[in-house]
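First comes the structure, then the notes that go with it.
The values are calculated or read from the model by the stated rules, or taken from the named source; none is laboratory data. This one's a predicted model, so the numbers in the text were calculated from it and none came from an experiment. Glycine gets a Cβ as well: all are built from the backbone with ideal geometry, and neighbour counts include every protein chain shown. Areas reflect the complete protein model, heavy atoms only, side chains present, ligands, DNA and RNA absent. Shrake-Rupley method; radii C 1.70, N 1.55, O 1.52, S 1.80 Å.
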Amino acid sequence: MALLEKKKALVTGSSRGIGRGIVEKFLAEGCEVWGLCSKPSAAKAELEKIASDNGVAFHEIYADVGDEESVTSVVKGALSESGGFDILVNNAGITRDGLSFRMKKSDWDDVIRVNLTSAFLICQIVSNDMLRKRSGSIINMSSIVGVHGQGGQVNYAASKGGLIAYSKSLAKEVGGRGIRVNCIAPGFIATDMTAVLKEDLQKSMIDSVPLKRAGTPADIAGAALFLASDMSAYVTAQVIGVDGGMGA
Ligand code: NAP
């Protein structure tokens, strides 16, 4: 039997990279997925095909997760259309890198809003319904940088570290009602987000990975599947590092 049969999931940042990898994995495991991104994506047709091959549906929905009004109304609409989500993956994220002393306040605000505040807003809506059903798995996409810090990324590191503290705290609030909340902390994953880094920086980062390769969206999707499924029924308030050993 498929691991997520009859489950319904909301995954943000579904159009590309890690989010798309998670959607593909969930669909293949029999889960109906609502994928949220900012605009119609090139992935939509292929994800719909994977869904129909697996006897489920994929719904692409659009909102700016950094805009409270937009994300609130779209997530509420998807929640009522779905009848409630069993799984929530807050994965949408951005970087606005720069040294702290030169960083514009707007770059700080944008990253905190998109990476951290959005998770708070979406969890609030989705977990309210999970609380009534007394079950659910919430997965928040943090980063190795949220654990160890990173020069040139104070805004991003603060958002990802905040996500870990937020998730552990929420796990304590909702655990008694059967809801689990965990983070994944990816290391260096080959996506559009890391493709913009200079080639020599990419090479030196990969050199620092004990497994000597960049991670793939599928690597992260494997951890997301574990956390979404009953295989992790006794796992909550954790941060699962998926970094090829980079954080060691
Ligand atoms: P990516 O390839 O840049 O994709 C980002 C995704 O987020 C896209 O689907 C994008 O949608 C969506 N998104 C961004 N801003 C949004 C907004 N304001 N409203 C709605 N959707 C928005 O990034 P990725 O590498 O897959 O990263 C996914 C997550 O993993 C992020 O939270 C990132 O911080 C985290 N992470 C990545 C790495 C890595 O090495 N790649 C490492 C650690 C953690 P559109 O296509 O519509 O723009």
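Looking only at the stretch 111-138, filter to residues that are away from the ligand (no atom under 16 Å from the Cβ) and small (Gly, Ala, Ser); which one of those is most open to solvent (accessible area, probe 1.4 Å)?
Ser135
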- Message: I'm trying to understand the selection: among the residues of the stretch 221-248, which are of a type in the set (A, V, I, L, M, F, W, C) and in a loop (DSSP other than H, G, I, E, B)?
- Response: Ala233, Val235, Ala237, Met246, Ala248
- Item | Long-range neighbours under 6 Å by Cβ, at least six apart or interchain, first residue farther than 10 Å from Ile138 by Cβ within the stretch 170-190, second away from the ligand (no atom under 14 Å from the Cβ) and part of a helix (DSSP H, G or I) | Arg177/Leu131
- Item | Single unsatisfied condition, Ala171 versus (1) touching a Ser or Thr at 6+ places or on another chain (Cβ under 9 Å); (2) surrounded by 13 or more Cβ atoms within 10 Å (Cβ to Cβ); (3) within 26 Å of Asp110 (Cβ to Cβ) | (3)
- Query: How do the pairs read when you match residues in the stretch 194-223 that are more than 23 Å from Arg96 (Cβ to Cβ) with residues anywhere that are among the β-branched types (Val, Ile, Thr) and in a loop (DSSP other than H, G, I, E, B), using Cβ under 9 Å and keeping only pairs 6 or more apart or on different chains?
  - Reply: Thr216/Thr191
- Query: How many residues are acidic (Asp, Glu) and farther than 21 Å from Cys123 by Cα when one looks only at the stretch 10-68?
  - Reply: 5
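Condition first: more than 9 Å from the ligand (Cβ to nearest atom) and either of a type in the set (Val, Ile, Thr) or open to solvent by less than 20 Å² (accessible area, probe 1.4 Å) (or both). Now tell me which residues in the stretch 141-151 satisfy that.
Of all residues in the stretch 141-151, those more than 9 Å from the ligand (Cβ to nearest atom) come to 147-151.
Result: Val147, single match.
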- Task: Filter the stretch 39-57 for residues that are over 14 Å from Gly17 (Cα atoms) and either of a type in the set (Ser, Thr, Tyr) or exposed (fewer than 12 other Cβ atoms within 10 Å of the Cβ) (or both) and give the result.
- Result: Lys39, Pro40, Ala45, Ser52, Asp53, Gly55
- Among the residues of the stretch 14-36, write down those that are open to solvent by 20 Å² or more (accessible area, probe 1.4 Å) and within 9 Å of the ligand (Cβ to nearest atom). Ser15, Arg16, Gly17, Ile18, Arg20
- Task: State all residues of the stretch 58-95 that are away from the ligand (no atom under 11 Å from the Cβ) and open to solvent by 70 Å² or more (accessible area, probe 1.4 Å); if no residue qualifies, say none.
- Result: Glu68, Glu69, Ser73, Lys76, Ser80, Glu81
